Amino acid sequence: MNAIGFRTLFIKETRRFLRVPGQTLAQPVVTTALYFLVCGYARGGRVREVGGVPYGRFIMPGLILLGLSQNAFLNTSSSMFIAKLQGTIVDLLVAPLGVVDLLLAFNLAAILRGMLVGGIVWFISALFTGFEVSHPLWVLMFGFLVGLTFGLVGLVVAIWSDKFEQLNIVPTFIITPLTFLGGVFYSADMLPPPWSYISRVNPVLYMVEGLRYGVVGASSSSPWLGLAVTGGIGLLSLALASWMLAAGYKLRS
Amino acid sequence: MNGDPAAVETEDLQKRYDEVVALAGVSLSIGAGEIFALLGPNGAGKTTWISIVCGLVRASAGRARVLGHDVVADAIAARRLVGLVPQEINFDPFFTPREVLAFQMGYYGQRPDRQRVDEVLRALDLSGKADTNTRALSGGMKRRLLIGKALVHRPRVVFLDEPTAGVDVALRRDLWSYVRQLREEGTTIVLTTHYLEEAEALADRVAVIDRGQLVGLDTTASLLARFGRKQLRVRLTAPVGPVPGAVAPALPAWLLDLGATLDASGRIVTCPLGAGSPAALLARLATLDPPVADIDTEQPSLEQVFLTLTSRAGGGEVGR
């Protein structure tokens with residue numbers, strides 16, 4: 001392993017998103033705060049609690065997950081795609097950086113950005129709902145895993161994409177709909193059949209429930225199932241990203 | 001010949017893109033410390049050859065080694081030794097030249113060294129823009145930054161793919177002297193260029209590639225001696241008159257036998273200097289009618305060599 005090389009790329013990837021904090025840190029905070037205000041208060045007026053959990057606290061984990069997953073995804077995907085587009089990918093391909101160096105550097109930076117945004121979303125939400133976290137270590141560990149998984153997915157999508165349009169398919173048509181339909185604002189148990197069954201096919205539901213367990217101490221499905229689903233998608237993405245980098249898929253002709 | 005590995009060695013290197021043959025089996029051996037120029041028309045396969053050696057393109061067949069390290073089987077070790085100036089300008093819009101160079105050192109496993117970064121910025125006349133965002137650099141500055149990125153980690157082999165395209169004349173000369181300095185420090189330089197003057201000024205050896213094949217390889221001096229022709233350019237006081245019975249003016253038979261040609265004005269005769277005595281030729285030229293007004297000699301150029309070699313279909317003129 002090229003330790004200095006990995007560390008340099010990690011620092012570069014981190015500095016890259018810190019250079020544009022309005023876009024990378026503030027923008028998701030504003031969006032999520034608006035979600036919280038509109039959905040939490042407007043709906044909270046009618047739906048006071050879900051499964052014994054106050055509605056504001058109920059939606060908090062889903063909003064954290066939305067910010068965390070989108071930002072982890074965007075960090076790797078935008079960086080890799082822009083590098084391909086601008087031609088600076090040559091710097092990394094010619095340098096003595098192995099697959100492990102590249103994977104670690106890109107994804108640790110993605111996890112850092114995702115967890116920073118997730119943390120800020122938690123802080124803003126907590127101003128409305130209270131700062132209590134039931135299982136903080138679980139939240140950190142779970143957040144790390146979600147960040148890693150979506151960072152890897154972002155890397156895979158960016159390597160595969162030839163156009164910006166393709167790059168946007170995943171966040172627009174997969175991550176956001178699955179997150180909104182993944183029990184962020186409601187419990188799957190509240191839906192009538194067959195929607196409650198269909199909801200349970202959505203893997204993001206288990207991620208939201210996993211994080212909900214850590215934040216509020218209750219979830220409609222086992223947090224271990226959430227961990228297994230996230231880990232499974234993470235492993236699949238890891239295998240795909242490793243193969244793409246090792247084989248030079250769409251990187252080395 | 002000692003036992004040290006060649007700086008760069010390719011054996012029967014081939015690259016096909018579906019039906020298109022980009023490289024048709026190029027074997028080259030470049031010694032350590034050489035300045036080696038790779039010439040050829042657009043699309044000849046020069047960039048493909050460099051890209052395979054630098055690990056950007058995978059060969060369809062054949063092998064490539066950098067200082068004994070196979071670029072596929074021992075890729076990381078091979079890449080540690082090289083620096084590449086790609087043909088296309090690229091820049092990272094988030095960072096400054098100073099940051100970009102420091103990152104580049106890090107990628108090669110070297111701790112960023114401010115002194116070294118400053119030295120490279122100075123050598124490439126970028127000190128004044130060291131802390132400016134790369135977006136604000138001119139095209140020439142961006143190209144110089146590319147050169148800096150390829151050199152900052154002190155690679156043992158540097159590939160310069162069209163390094164001075166778009167760079168002004170004064171800076172091009174500065175870069176040439178920097179390249180010579182690098183060679184004196186033991187760096188091997190492999191360059192492609194469209195400026196044949198550049199290859200002629202810098203290169204110890206030249207390879208000419210055409211349609212994916214090596215059509216010429218020798219020292220610059222030998223290629224010039226073999227394919228370049230020194231010639232006399234003779235201006236007459238008046239146009240050559242027509243030969244009786246012929247429509248066009250013509251030169252005397254002895255001059256035509258030497259390969260001389262007459263330009264459209266009928267006043268300029270160009271005559272290759274062959275193996276014969278120049279003094280004897282000058283004496284015969286003095287008998288020309290109309291008489292000679294002026295005589296000039298033209299030195300052989302790499303351009304002549306290049307045109308000669310690339311105009312031969314499937315040439316195969318390979319020296320050493």
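The values are calculated or read from the model by the stated rules, or taken from the named source; none is laboratory data. Bear in mind the structure is a predicted one, so any value in this text is a computation, not a measurement. FYI the Cβ positions are ideal-geometry reconstructions off the backbone, even for glycines, and counts take in every protein chain you see.
Within the range A:238-253, the only residue that satisfies the criterion of being within 25 Å of the chain's Cα centre (by Cα), within 14 Å of chain B (Cβ to nearest Cβ) and small (Gly, Ala, Ser) is A:Ala246.
Quick check, is B:Thr237 out of contact with any helix residue (DSSP H, G or I) (no Cβ under 6 Å at 6 or more places or on another chain), modelled with pLDDT of 80 or more, surrounded by fewer than 19 Cβ atoms within 10 Å (Cβ to Cβ) and under 30 Å from B:Thr48 (Cβ atoms)? In short, no. Is it the case that the range B:186-195 has a residue that's in the same structural domain as B:Trp49 (by TED's automatic domain parsing), touching a Phe, Trp or Tyr at 6+ places or on another chain (Cβ under 6 Å), at pLDDT 80 or above and closer than 19 Å to B:Gly83 by Cβ? Yes, the conditions are met somewhere in the range B:186-195.
Looking at the range A:187-199, which of its residues are crowded, with 18+ Cβ neighbours inside 10 Å and touching a residue at least 60 places away in the same chain (Cβ under 8 Å)? Hit for the range A:187-199 is A:Ser187, nothing else. Residue count for the range B:104-130 under the criterion of being assigned to a loop (DSSP other than H, G, I, E, B), touching a residue at least 24 places away in the same chain (Cβ under 8 Å) and within 14 Å of chain A (Cβ to nearest Cβ): the result is 3.
For the range A:6-26, which residues satisfy the criterion of being over 17 Å from B:Glu99 (Cβ atoms) and loosely packed, with under 13 Cβ neighbours inside 10 Å? Within the range A:6-26, A:Pro21, A:Gly22, A:Gln23 qualify.
Reported count of residues in the range A:84-95, each being more than 8 Å from every other protein chain (Cβ to nearest Cβ) and farther than 15 Å from B:Cys54 by Cβ, is 2. The set of residues in the range B:101-133 being among the polar types (S, T, N, Q), in contact with a helix residue (DSSP H, G or I) (Cβ under 6 Å, 6 or more places away or on another chain) and either closer than 19 Å to A:Thr8 by Cα or crowded, with 22+ Cβ neighbours inside 10 Å (or both) consists of B:Gln104 alone. Kindly evaluate B:Arg58 against the criterion of being assigned to a loop (DSSP other than H, G, I, E, B), basic (Lys, Arg) and surrounded by fewer than 16 Cβ atoms within 10 Å (Cβ to Cβ). So B:Arg58 passes the test.
Taking the numbered list (1) modelled with pLDDT of 80 or more; (2) in a helix (DSSP H, G or I) in turn, A:Ser134 passes all entries but (2). Annotation: of all residues in the range B:76-98 being facing another protein chain (nearest Cβ under 8 Å) and more than 26 Å from the chain's Cα centre (by Cα), the one that is nearest to A:Arg16 (Cα to Cα) is B:Phe94.
Does the range B:160-182 contain at least one residue that is within 14 Å of another protein chain (Cβ to nearest Cβ) and crowded, with 21+ Cβ neighbours inside 10 Å? Yes, that holds for at least one residue. Among the residues of the range A:68-86, those identified as crowded, with 24+ Cβ neighbours inside 10 Å and farther than 20 Å from B:Asp92 by Cβ are A:Leu68, A:Ser69, A:Asn71, A:Ala72, A:Phe73. Condition (residue is under 13 Å from the mean Cα position of the chain (by Cα) and surrounded by 22 or more Cβ atoms within 10 Å (Cβ to Cβ)) applied to the range A:154-171: is it met by at least one residue? Within the range A:154-171, one or more residues are under 13 Å from the mean Cα position of the chain (by Cα) and surrounded by 22 or more Cβ atoms within 10 Å (Cβ to Cβ). Within the range B:242-261, restricting attention to residues that are over 23 Å from B:Glu298 (Cα atoms) and β-branched (Val, Ile, Thr), the residue that is modelled with the lowest pLDDT is B:Val247.
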